[in-house]
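Comments concern the structure below.
The values are calculated or read from the model by the stated rules, or taken from the named source; none is laboratory data. Just so it is clear, the model here is predicted, and its values are computed rather than measured. Every residue, glycine as well, gets a Cβ built from its backbone with ideal geometry; the counts of neighbours run over all protein chains shown.
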Amino acid sequence: MTSETDLLTTRAALDRAARAAHLVVACDFDGTLSPFVSDPETSRLAPGAREALDALAALPATTVLLVSGRDRTTLSRISEIPTESAATGIHLVGQHGSELESKPAALTEVEAALLTEITSRLEAIALPHEGAFVEYKPSSAVLHVRSLPRAEDQERLLSLALEGPAVRDGVFATEGKAVLELAVREASKGAALQTFRERTGAESVVFFGDDVTDEKGFAVLGSDHDGSALDVGIKVGDGPTVAGYRVASIDEVVVSLRHLAAVRGGSKPA
Ligand SMILES: O=P(O)(O)OC[C@H]1O[C@H](O[C@H]2O[C@H](CO)[C@@H](O)[C@H](O)[C@H]2O)[C@H](O)[C@@H](O)[C@@H]1O
């Protein structure tokens, strides 16, 4: 649990960021704007999240993005936000930062063969266990174990993958929440945030995230890390982080986004 002091400190940082000449507001999707569910296809934005994102995107000199581990097509389908940012002002960045507006280069033959190999090794791990399955993405495969009833079985399957296909040369492993993702291309949410910072000339980047993959995003924030003194990294929930600030839940993310929109828009925050 985060304390009331955490929330007040976070709000004060957001109030400072709200004064930036140009502001980038970036949010992770799963676990930050969307509650966890067993079937990743059924994930949706939390109540009020879309309205808060829209309110920010409607403000001048404010760039809004979702930076997700999902591929862009899937992210668009489940978030119900079009891939074309012109319609909404909300940019979708997929595959942990490697998929911006343009499609990434096609996989090389070597990468494609490696992806086929690690995918079938993950399938072999998942197959005997009801509830375990593999999610397929353009440059990665994800072993899901959330639906296994026993925590020790979840751990065992993840360990098998970590000690097996994950250590193959050319494979980039990312441990997530009840998942292990194996990719054939390295990605960084931090690089994506820096791209939008440079593209917009933003004086401040605000980034909300809950998972291990979001740490690369938090790492580029703040004046000590090639960012700006007005940057705000906000970790959602418990767990170690390099983010400077914390909120307790997805609901608090939505409240914080609404607060930021109200302050930046010049109206009194609710
Ligand atoms: O970067 P994110 O937007 O947070 O995406 C990270 C991974 O999220 C998804 O998995 C997580 O959410 C699922 C649906 O709630 C849940 O079943 C799973 O246990 C979570 O780890 C997604 O399926 C992955 O592809 C993303 O990389």
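Does Ser98 satisfy the condition of being surrounded by fewer than 23 Cβ atoms within 10 Å (Cβ to Cβ), under 14 Å from the mean Cα position of the chain (by Cα), under 19 Å from Asp251 (Cβ atoms) and among the hydroxyl-bearing types (Ser, Thr, Tyr)? Spelling it out, it is not the case that Ser98 is surrounded by fewer than 23 Cβ atoms within 10 Å (Cβ to Cβ), under 14 Å from the mean Cα position of the chain (by Cα), under 19 Å from Asp251 (Cβ atoms) and among the hydroxyl-bearing types (Ser, Thr, Tyr). Of the residues making up the range 28-38, none is surrounded by 21 or more Cβ atoms within 10 Å (Cβ to Cβ), free of Cβ contacts under 8 Å to residues at least 40 places away in the same chain and within 16 Å of the ligand (Cβ to nearest atom). Of the numbered criteria (1) touching a Leu at 6+ places or on another chain (Cβ under 9 Å); (2) in a loop (DSSP other than H, G, I, E, B), the one Ala26 fails is (2). In the range 232-253, what count of residues is obtained for those that are outside any loop (DSSP other than H, G, I, E, B) and either surrounded by fewer than 24 Cβ atoms within 10 Å (Cβ to Cβ) or not basic (Lys, Arg) (or both)? Here the count works out to 11. Meeting the requirement of 3 or more residues that are within 24 Å of Val184 (Cα to Cα) and in contact (Cβ under 8 Å) with a residue 12 or more places away in the chain, the strands (runs of 3 or more DSSP E) wholly within the range 40-159 are 133-137, 140-144. Give the residue, chosen from Glu80, Glu123, Glu101, that is closer than 28 Å to Pro47 by Cα, touching a strand residue (DSSP E or B) at 6+ places or on another chain (Cβ under 9 Å) and of a type in the set (D, E, K, R). None of the others qualify; the one that does is Glu101. Checked against (1) within 15 Å of the ligand (Cβ to nearest atom); (2) surrounded by fewer than 22 Cβ atoms within 10 Å (Cβ to Cβ); (3) not aliphatic (A, V, I, L, M), Ser120 passes all but a single condition, namely (1). Restricted to the range 46-81, and to residues there that are buried (at least 19 other Cβ atoms within 10 Å of the Cβ) and charged (D, E, K, R), the residue that is farthest from the ligand (Cβ to nearest atom) is Arg72. Scanning the range 175-195 for residues that are assigned to a helix (DSSP H, G or I), touching a residue at least 60 places away in the same chain (Cβ under 8 Å) and more than 12 Å from the ligand (Cβ to nearest atom) yields Gly190, Ala191, Leu193, Thr195.
Among what's in the range 180-231 and is among the β-branched types (Val, Ile, Thr) and surrounded by fewer than 20 Cβ atoms within 10 Å (Cβ to Cβ), pick the residue that is farthest from Ile90 (Cα to Cα). The qualifying residue farthest from Ile90 (Cα to Cα) is Val212.
For the range 257-266, does any single residue satisfy the condition of being within 16 Å of the ligand (Cβ to nearest atom), in contact with a Lys or Arg (Cβ under 7 Å, 6 or more places away or on another chain) and at pLDDT 95 or above? Within the range 257-266, none of the residues are within 16 Å of the ligand (Cβ to nearest atom), in contact with a Lys or Arg (Cβ under 7 Å, 6 or more places away or on another chain) and at pLDDT 95 or above.
When Val220, Val206 are checked against the criterion of being modelled with pLDDT of 95 or more, assigned to a loop (DSSP other than H, G, I, E, B) and not assigned by TED's automatic domain parsing to the domain that holds Arg121, Val220 stands alone in meeting it. Of the residues making up the range 160-169, just one is loosely packed, with under 15 Cβ neighbours inside 10 Å, of a type outside the set (Lys, Arg) and in a loop (DSSP other than H, G, I, E, B), namely Asp169.
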